[in-house]
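The values are calculated or read from the model by the stated rules, or taken from the named source; none is laboratory data. Note that the structure is predicted; figures quoted are calculated from it, not measured. Counting neighbours? That spans all protein chains shown, and the Cβs are built from the backbone with ideal geometry, glycine included.
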Amino acid sequence: MNNMYTWFEQLIKPSWAPPAWLFGPVWTFLYILIAVSFGKVFVMAWQKQIPFSVALPFILNLFFNFIFTTLQFGLKNNFLSALDILLVLGTLIWAMIAIYPHARWITYLQIPYVLWVSFATVLQLTITYLNLK
């Protein structure tokens, strides 16, 4: 595990990259928002209050979000991580649009998440570019 983070620490990063310690608290906060809002979406889908097509981007977002760590730190692959973070951002925007007519508060609850993922996307794309070999 330590080897994974050593590899990441050795990558060239932009001067505006946040310190490593910030990611834990930010993601803890975001995962609480995700658990509440995505959980509500899944309950609504289970109870047939919304069609499955509305829940689909939430499912895909969770999948892409959870595989990021494996791609970035397990496989140590910046390119796949960059593609994945674009999919996280894309499915999140899709999810926000899909749920809006059914539960606007869920869309609004995603604002911190979409802001962080937008920042993380630019950061990951920059790190990928800076470390091309």
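Just checking: which of the helices (runs of 4 or more DSSP H) contained wholly in segment 19-123 hold 1 or more residues that are touching a Pro at 6+ places or on another chain (Cβ under 9 Å) and crowded, with 16+ Cβ neighbours inside 10 Å? Talk me through it step by step, then tell me what you get.
Details: elements: 23-46, 52-69, 78-99, 104-109.
Of the helices (runs of 4 or more DSSP H) lying wholly inside segment 19-123, those with at least 1 residues that are touching a Pro at 6+ places or on another chain (Cβ under 9 Å) and crowded, with 16+ Cβ neighbours inside 10 Å span 23-46, 52-69, 78-99.
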(message) Within segment 1-18, take every residue that is among the polar types (S, T, N, Q) and in a helix (DSSP H, G or I) and give me the one that is modelled with the highest pLDDT.
(response) 6
(message) With the structure loaded, tell me whether residue 11 is under 24 Å from residue 130 (Cα atoms) and within 12 Å of the chain's Cα centre (by Cα) or whether it fails that test.
(response) no
(request) Taking residue 30 as the residue in question, decide whether it is in contact (Cβ under 8 Å) with a residue 40 or more places away in the chain and among the hydrophobic types (A, V, I, L, M, F, W, C). (result) yes
(request) Would you please list the contacts, defined by Cβ atoms under 9 Å and residues six or more apart or on different chains, that run from a residue in segment 12-24 that is more than 10 Å from residue 123 (Cβ to Cβ) to a residue that is loosely packed, with under 10 Cβ neighbours inside 10 Å? (result) 20/9
